[in-house]
Amino acid sequence: MSRISHRVDQIKPSPTIMVTMKSMELKAQGKDIVSLGFGEPDFDTPEHIREAAIQAIRDGKTRYTQVDGTPELKTAIIKKFHRDNELEFEPGQILVSNGAKQSLYNLLIAVLNHGDEAIVPAPYWVSYPDMIKLADAKPAIMLGSAEHDFKITAKQLQNSLNENTRLIILNTPHNPTGTVLRESELRRAVEIAESCGARLLVDETYRGLSYVGTPPHAASLSPRAISISSLSKTWGLPGLRLGWILCRDPELQELFLAAKEQIHISTSVLDEEIACRYLRDRGQHLQRIRGIVDERFACVRAFMAGQSELEWVAPEGGVIAFPRLRGDIDVNRFYQLLNDEYGTFVGPGHWFDMDRRYMRIGYGWPDADELARGLDNIAEAAARASR
Ligand SMILES: Cc1ncc(COP(=O)(O)O)c(C=O)c1O
């Protein structure tokens, strides 16, 4: 009889990654596919950054690096915090890892035990619940509503605490809705976590793409608050697998370090070299990226203004929107038309624990023409599926 781990048996592959892979495969076969399923921007890597990678190989950089990240990279990250927020962090408060995802996993296995609960507001980034289960704990899902911009209220949060609550996970700018927490909301969440002895994890992966300003890094507010981030979203470099945990509690950092070391040893030296170079002249990259994101967002906003079959809470950051089909509409027919007839893919709401009337539209990946075509296809499919 084959025996498999109950931890792995209860999880599934991320549907957003699966649809991304599927649409890449169909495109490679020459099919006319419009994929609005991606959650990150797609930008050309600047030439001098590519050269930095080649130089690193020429220099024979193929050894393990420091488990917590090279000192050069940590200095570049610290300078970024300083320039962006005038915040001072020390090297010991940063742990570089293979993307925000691995940072999150290290953190979850370091702080959660069997029977513990981690609060996850829905809609959510699809990986949180499964990763919590992998850490042998239980996701406690709390439903947000469009009425409150999909943010859970302090009252909701407080009511959901129990003696098993160990972690509260927030994400801002938020995937899949693009809403952004205000400083007062973040401070309140920190207070609530502190009051019950839990920890607050804030996933700040889309942070540099906020259109409405950003609250402070959660980790700067309390030793019980932890921030994770990466180069994947704001910088459009998901293939680099480069992220970090920021935390002011030295004991916790020790645990994260041990978890990382036993799973991955160090991060890829090439990724660290490229990231270091990228972060050093980050200002000019961010300006270029923001320009493109602003254009794409303007395109989606103009589209939404003309739609009677769709409504939304307008995103305040990131490169994703979460509109909803309204009125008397055959939702199954809408997705069938959209996928099969229009070759267009979005993230249906149920992936995010919401009604299928919602859909996640990624506007960072397709070029402007493809985005416009995809949006038109959504409008046509919605009109045809209306009863
Ligand atoms: C909210 C959020 N956090 C983390 C990640 C993972 O990012 P990384 O590529 O840095 O592992 C994603 C990727 O989709 C995300 O949407």
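The values are calculated or read from the model by the stated rules, or taken from the named source; none is laboratory data. The structure presented is a predicted model; accordingly, all values stated were derived computationally and were not measured. Backbone-built Cβ (ideal geometry, glycine too); neighbour counts: all protein chains shown.
Is it the case, given these coordinates, that G37 is assigned to a loop (DSSP other than H, G, I, E, B) and on the phi < 0 side of the Ramachandran plot? Talk me through it step by step, then tell me what you get.
Details: assigned to a loop (DSSP other than H, G, I, E, B): yes; on the phi < 0 side of the Ramachandran plot: yes.
It is true that G37 is assigned to a loop (DSSP other than H, G, I, E, B) and on the phi < 0 side of the Ramachandran plot.
Filter the stretch 339-350 down to the residues that are assigned to a helix (DSSP H, G or I) and surrounded by fewer than 19 Cβ atoms within 10 Å (Cβ to Cβ), then identify the one that is nearest to the chain's Cα centre (by Cα).
Step one: filter the stretch 339-350 for residues assigned to a helix (DSSP H, G or I), giving 339-341, 349-350.
Then keep just the ones that are surrounded by fewer than 19 Cβ atoms within 10 Å (Cβ to Cβ); that gives 339-341, 350.
On the way: N339: 25, D340: 28, E341: 30, H350: 18 Å.
Among residues in the stretch 339-350 that are assigned to a helix (DSSP H, G or I) and surrounded by fewer than 19 Cβ atoms within 10 Å (Cβ to Cβ), the one nearest to the chain's Cα centre (by Cα) is H350.
Can you tell me which condition I228 does not meet? The list is (1) surrounded by fewer than 24 Cβ atoms within 10 Å (Cβ to Cβ); (2) closer than 30 Å to L161 by Cβ; (3) within 9 Å of the ligand (Cβ to nearest atom), and all the others hold.
Status for I228: all satisfied but (1).
Identify all residues within the stretch 158-185 that are under 21 Å from the mean Cα position of the chain (by Cα) and either surrounded by fewer than 17 Cβ atoms within 10 Å (Cβ to Cβ) or more than 16 Å from the ligand (Cβ to nearest atom) (or both); write none if there are none.
As a first pass, look at the stretch 158-185 and keep what is under 21 Å from the mean Cα position of the chain (by Cα): 167-183, 185.
Correct list: R182, E183, E185.
Residues being part of a helix (DSSP H, G or I) and either surrounded by fewer than 18 Cβ atoms within 10 Å (Cβ to Cβ) or not hydroxyl-bearing (S, T, Y) (or both): count how many of those fall in the stretch 307-335.
4
Quick check, is S103 within 16 Å of the ligand (Cβ to nearest atom) and touching a helix residue (DSSP H, G or I) at 6+ places or on another chain (Cβ under 6 Å)?
On the way: within 16 Å of the ligand (Cβ to nearest atom): yes; touching a helix residue (DSSP H, G or I) at 6+ places or on another chain (Cβ under 6 Å): no.
Criteria not met by S103.
Can you find even one residue in the stretch 97-108 that is buried (at least 20 other Cβ atoms within 10 Å of the Cβ), in a strand (DSSP E or B) and assigned by TED's automatic domain parsing to the domain that holds S230?
yes
For S222, state whether it is more than 26 Å from R182 (Cβ to Cβ), in contact with a strand residue (DSSP E or B) (Cβ under 9 Å, 6 or more places away or on another chain) and more than 16 Å from the ligand (Cβ to nearest atom). Outline the logic, then answer.
Numbers: more than 26 Å from R182 (Cβ to Cβ): no; in contact with a strand residue (DSSP E or B) (Cβ under 9 Å, 6 or more places away or on another chain): yes; more than 16 Å from the ligand (Cβ to nearest atom): yes.
Here the answer is no, as S222 does not meet what is asked.
Taking the conditions exactly as written (in a loop (DSSP other than H, G, I, E, B), modelled with pLDDT of 95 or more and not hydroxyl-bearing (S, T, Y)), does G92 satisfy them or not? Before the answer, list the steps.
Details: in a loop (DSSP other than H, G, I, E, B): no; modelled with pLDDT of 95 or more: yes; not hydroxyl-bearing (S, T, Y): yes.
No, not satisfied.
Looking only at the stretch 109-153, which residues are among the basic types (K, R) and more than 16 Å from the ligand (Cβ to nearest atom)?
First pass over the stretch 109-153, keeping only residues among the basic types (K, R): 133, 138, 151.
K133, K138 - these are the residues of the stretch 109-153 that are among the basic types (K, R) and more than 16 Å from the ligand (Cβ to nearest atom).
Results for (1) out of contact with any Cys (no Cβ under 9 Å at 6 or more places or on another chain); (2) more than 23 Å from T45 (Cβ to Cβ); (3) surrounded by fewer than 16 Cβ atoms within 10 Å (Cβ to Cβ), shown as yes or no for each residue.
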| residue | (1), (2), (3) |
| --- | --- |
| H285 | yes, no, no |
| A302 | yes, yes, yes |
| A305 | yes, yes, yes |
| L337 | yes, yes, no |
| F352 | yes, yes, no |
| R356 | yes, yes, yes |
| P366 | yes, no, no |
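In the stretch 54-100, what residues are within 16 Å of the ligand (Cβ to nearest atom), of a type outside the set (A, V, I, L, M, F, W, C) and touching a strand residue (DSSP E or B) at 6+ places or on another chain (Cβ under 8 Å)? Break it down into steps so the answer makes sense when it comes.
Taking the stretch 54-100 as the starting set, the residues that turn out to be within 16 Å of the ligand (Cβ to nearest atom) are 69, 73, 77, 80, 94-100.
Next cut, of a type outside the set (A, V, I, L, M, F, W, C) only: 69, 80, 97-99.
Those that are within 16 Å of the ligand (Cβ to nearest atom), of a type outside the set (A, V, I, L, M, F, W, C) and touching a strand residue (DSSP E or B) at 6+ places or on another chain (Cβ under 8 Å): G69, S97, N98, G99.
With respect to T70, determine if the residue is surrounded by 15 or more Cβ atoms within 10 Å (Cβ to Cβ) and of a type in the set (S, T, N, Q).
yes
Of the residues L252, L270, L240, only one is within 15 Å of the ligand (Cβ to nearest atom), among the hydrophobic types (A, V, I, L, M, F, W, C), at negative phi and in contact (Cβ under 8 Å) with a residue 12 or more places away in the chain; which? Lay out the reasoning, then the answer.
On the way: L252 fails: within 15 Å of the ligand (Cβ to nearest atom); L270 fails: within 15 Å of the ligand (Cβ to nearest atom).
Result: L240 is the single residue among L252, L270, L240 that is within 15 Å of the ligand (Cβ to nearest atom), among the hydrophobic types (A, V, I, L, M, F, W, C), at negative phi and in contact (Cβ under 8 Å) with a residue 12 or more places away in the chain.
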